[in-house]
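Taking it in order: structure first as structure tokens, then the write-up.
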Amino acid sequence: MTATETKTQEARPGFKVMTLLEAITDAMRTEMRNDDRVVVFGEDVGKKGGVFGATLGLQDEFGEQRCFDTPLSECGIIGAGVGMALYGMRPIAEIQFLDFIYPAFDQIVSEAAKMRYRSGGEYTCPMVIRSPYGGGIRGGHYHSQSAEAYFCHTPGLKVVIPSTPADAKGLLIASIRDEDPVMFLEPKRIYRHGKGEVPLGEHVVPLGKGRIAREGKDVTILCYGAMVHVCEQAAEEAEKAGRSVEIVDLRTLVPLDEQIVLESVKKTGRAVVVYEAPKTCGYGAELSALIAEKCIEHLEGPVVRVAGFDTPFPYTLEPLYMPDVKRVLAGIEKTFVW
Amino acid sequence: MTARSKPKKKPVARPAAKAPARPAPKPAKRAPAPGPKAVPTETAPTGTVFFVLEDDGTVARGKDPNLPRDVLLFLYEQMVQVREFDRRMLMLQRQGRIGFYGPILGQEAATVGSVAALEARDWIFPALREGAAAMMRGLSLTTAISQLIGNELDRCKGRQMPCHYTFKEGNYYGMSSVIGTQISHAVGAAMAARIRGDDVVVLGYMGDGATSANDFHCGMNFAAVYRSPCVLFCQNNQWAISVPCSKQSVSETIAQKGIAYGMPFVRVDGNDVLAVYAATRDAVARARAGDGPTFIEAVTYRRLGHSSSDDPSKYRDEAEVKAWERKDPVDRFRRYLTARSLWNEAAETALKERIAKAVNDAIAAAEAVGPPADETLITDVFAQVTPQLREQLADAMAVAGKRVNDGAFPL
Ligand SMILES: Cc1ncc(C[n+]2csc(CCOP(=O)(O)OP(=O)(O)O)c2C)c(N)n1
Ligand SMILES: [Mg+2]
């Protein structure tokens, strides 16, 4: 079910219609009620409720001990989070924008990611690092980046990216309950675009399971985050031109649901990988390699990447940079005509 | 740096004893009137604030620095211009003509007073709220507004969000949005000036929030270890978005962080342009004389939201804002000038008209300019454009459709 499909629906009993952003708040609230080891902290998450409003109401409900503002130090936020996690808590650290995570890179890559392995499993780091990421909000260089590949390339980190409100809640709860550090990257462009039905209370979407966002038979699009919605629009257009498009929303980049990817590509024989990060060494490169390794004999055309540019993120020319419906359509055509 | 050029350690005065714990100074105590020639730096936290102007613009006997008339008028006119520019740009943002704006209302004296204390050859490393420094160094209003629009005249070529000016001819560095990183850059540039034997001092700015960032700590330490010719200037406007300074740090003052690094420091009333000017001038003179860096805390206040996207009523009390309005830097200084017969109504009206016209003309000129060429998406990644980038641009251009920026910046 897509966010847009349920836009105008009344919620069924046991569900509520929410934005992706509200679903994220709901997930944290649910887990904070469930488990007193869960704490939420980061810059401006307290009274202000976060710059996007993801933590609105949490400090009011749970107090300053469990939802608190930090000094302006990403390194401090993550470093302290690692300490809390290894002590036995379930910290949720918010990094205001993924673009500002680099001062904490060392804590994430050298410490959080390796804690379990290096201590022979004695110490672990069950922490969630939440951060809005991606373009589409006119944020220029430093409020738009898609840095998922760095983290996917770091053994020991799980990387999760939701694309619908229901998934946002279910995947975040699964991430909080997970025994390992999870990078939970939130496509801020669709924080408030479109609403969807979200189950009230407990709702877990297991990590490592992708989702068929749309069934089709001629070509598979592999995507995640805000790009899922761009691809859905492109699929509608392609359908009019007689191309039946299947869309796989990966949901979890690490660990990847290889089965859903390979089954879909084997069925359609064509694959387009869409991601807004810079093209070179982006996550799509990994998917292309996987397809080449494991099902090349089913391919009827090249695996095509539709991605951001190998440039820093622009401001004025953002619409040229971002993969859009037209570029996805062009990518689809390249799998047929080559 | 080689061993040969490693500076000899000069003992830096340290506090004799641990300062007794005491409540944060609110309102801060003020130092007894020191003469204009020497703004005393401190080596122990006393919480005092150096000032010249009273809130009503009067000056205690013997405290007037008696700056020349042209310097005084320059300071005033710059402050008025900064304020007017700021007001108009926020309006443009509200009208949807620029995407974002970070206002500086109430902080004019801190920027104007400190930049005015430099020589033109000295370098400036700004943080978020010192864009006025670029204009003081000669960046035209049209080019500045072009940056806010992100058009073809923008020196950043439409790549950065608004308020990220860059102006190399003015020795004004173009910052990133990442808080604190410029502090180390300022220190490194100062180290370079020293190694090269250039008579250049570097002024590096930061906010109170930035003092929590990694780069603050390494920057301060490097500055002191290498006795680099720089002045590190913290605009403590009491807030880092919604986080008050009291939650950013529990040290009694920001200024006293200088102690930890063995750096002289001074806490100055940031809404008093004469005090800011004097404190910076002295710090610059020390740096120029080879006496190393100084840390300045300018105590001021961010009267508006963090940016055009922020609603401060969610997290702070309006009464606090009102209290700071009484310390308005422009009003205070105007009263001072008026009392000395250096300023009057007519001069004020003429100045405002002149500025309004200059800003109007600049807006019109900037808005007439189109967006940067599509090719600029791939230039400047490296000195030479790579074949991959050319291919990527060609692919996208082949299918590029209507451009729509559909997002609204939340911060
Ligand atoms: C490393 C980093 N983290 C977070 C942010 C988001 N952010 C932008 S401004 C700001 C607060 C800055 O406060 P301060 O340093 O006091 O400067 P002021 O805005 O008050 O001038 C924050 C948290 C950022 N730009 N960079
Ligand atoms: Mg501040």
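Miscellaneous remarks
So that you can scan it fast, the table gives a plain yes or no per residue for (1) more than 30 Å from B:A240 (Cα to Cα); (2) more than 14 Å from every other protein chain (Cβ to nearest Cβ); (3) touching a residue at least 60 places away in the same chain (Cβ under 8 Å):
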position	(1), (2), (3)
B:D311	no, no, no
B:R326	no, yes, yes
B:R332	no, yes, yes
B:R335	yes, yes, yes
B:K352	yes, yes, yes
B:I355	yes, yes, yes
B:N360	yes, yes, no
B:I378	yes, no, no
B:L393	yes, no, no
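- Scanning region B:45-89 for residues that are in a loop (DSSP other than H, G, I, E, B) and among the hydrophobic types (A, V, I, L, M, F, W, C) yields B:F51, B:V52, B:A60, B:L67.
- Identity of the residue in region B:195-206, of a type outside the set (A, V, I, L, M) and crowded, with 24+ Cβ neighbours inside 10 Å, that ends up farthest from ligand 2 (Cβ to nearest atom): B:G204
- Residues (away from ligand 1 (no atom under 13 Å from the Cβ) and of a type in the set (F, W, Y)) located in region B:178-224: B:F222
- Condition met for B:V385 (more than 30 Å from B:L274 (Cα to Cα), within 9 Å of chain A (Cβ to nearest Cβ) and at pLDDT 95 or above): no
- Those residues of region B:235-249 which are near ligand 2 (Cβ under 9 Å from one of its atoms) and either hydrophobic (A, V, I, L, M, F, W, C) or free of Cβ contacts under 8 Å to residues at least 40 places away in the same chain (or both), in sequence order: B:W239, B:A240, B:I241, B:V243, B:C245
- Among residues of region A:80-101 being free of Cβ contacts under 8 Å to residues at least 40 places away in the same chain and surrounded by fewer than 18 Cβ atoms within 10 Å (Cβ to Cβ), the one that is farthest from ligand 2 (Cβ to nearest atom) is A:Y87.
- Subset of region A:187-218 (residues that are under 22 Å from A:T30 (Cβ atoms) and within 14 Å of another protein chain (Cβ to nearest Cβ)): A:P187, A:K188, A:I190, A:Y191, A:R192, A:G194
- Region B:225-252 - residue that is within 11 Å of ligand 1 (Cβ to nearest atom) and β-branched (V, I, T) and, of those, nearest to the chain's Cα centre (by Cα): B:I241
- Qualifying residue in region B:167-182 (condition: charged (D, E, K, R) and under 20 Å from the mean Cα position of the chain (by Cα)): yes
- Any chance B:A255 is away from ligand 2 (no atom under 14 Å from the Cβ), at pLDDT 95 or above and either under 19 Å from the mean Cα position of the chain (by Cα) or among the small types (G, A, S) (or both): yes
- Annotation note: of A:A289, A:A285, the sole residue that is aliphatic (A, V, I, L, M) and touching a helix residue (DSSP H, G or I) at 6+ places or on another chain (Cβ under 9 Å) is A:A285.
- Looking only at region A:64-96, and only at residues there that are of a type in the set (D, E, K, R) and over 16 Å from B:G209 (Cα atoms), the one that is nearest to the other protein chains (Cβ to nearest Cβ): A:E64
- In region A:36-63, the residue that is nearest to the chain's Cα centre (by Cα) out of those that are surrounded by fewer than 20 Cβ atoms within 10 Å (Cβ to Cβ), in a loop (DSSP other than H, G, I, E, B) and more than 9 Å from chain B (Cβ to nearest Cβ) is A:L56.
- Checked against the criterion of being surrounded by fewer than 23 Cβ atoms within 10 Å (Cβ to Cβ), farther than 23 Å from A:G136 by Cβ, modelled with pLDDT of 95 or more and in contact with a helix residue (DSSP H, G or I) (Cβ under 9 Å, 6 or more places away or on another chain), region A:223-240 contains not a single residue that satisfies it.
- Per the conditions (1) away from chain B (no Cβ under 14 Å); (2) surrounded by fewer than 23 Cβ atoms within 10 Å (Cβ to Cβ); (3) within 25 Å of A:A168 (Cα to Cα), the sole criterion not satisfied by A:A292 is (3).
- A:P323 being within 14 Å of chain B (Cβ to nearest Cβ), touching a residue at least 24 places away in the same chain (Cβ under 8 Å), surrounded by fewer than 17 Cβ atoms within 10 Å (Cβ to Cβ) and closer than 28 Å to A:K240 by Cα: no
- Residue within region A:255-269 that is under 23 Å from A:E236 (Cβ atoms), touching a strand residue (DSSP E or B) at 6+ places or on another chain (Cβ under 6 Å) and within 14 Å of chain B (Cβ to nearest Cβ) present: no
- A:P206 being in contact with a strand residue (DSSP E or B) (Cβ under 8 Å, 6 or more places away or on another chain) and either free of Cβ contacts under 8 Å to residues at least 12 places away in the same chain or in a loop (DSSP other than H, G, I, E, B) (or both): no
- Hey, A:A147 at pLDDT below 95 and surrounded by fewer than 21 Cβ atoms within 10 Å (Cβ to Cβ) or not: no
The values are calculated or read from the model by the stated rules, or taken from the named source; none is laboratory data. Not measured: the values here are computed from a predicted model. All Cβ positions, even for glycine, are placed from backbone atoms using ideal geometry, and neighbour counts span all protein chains on display.
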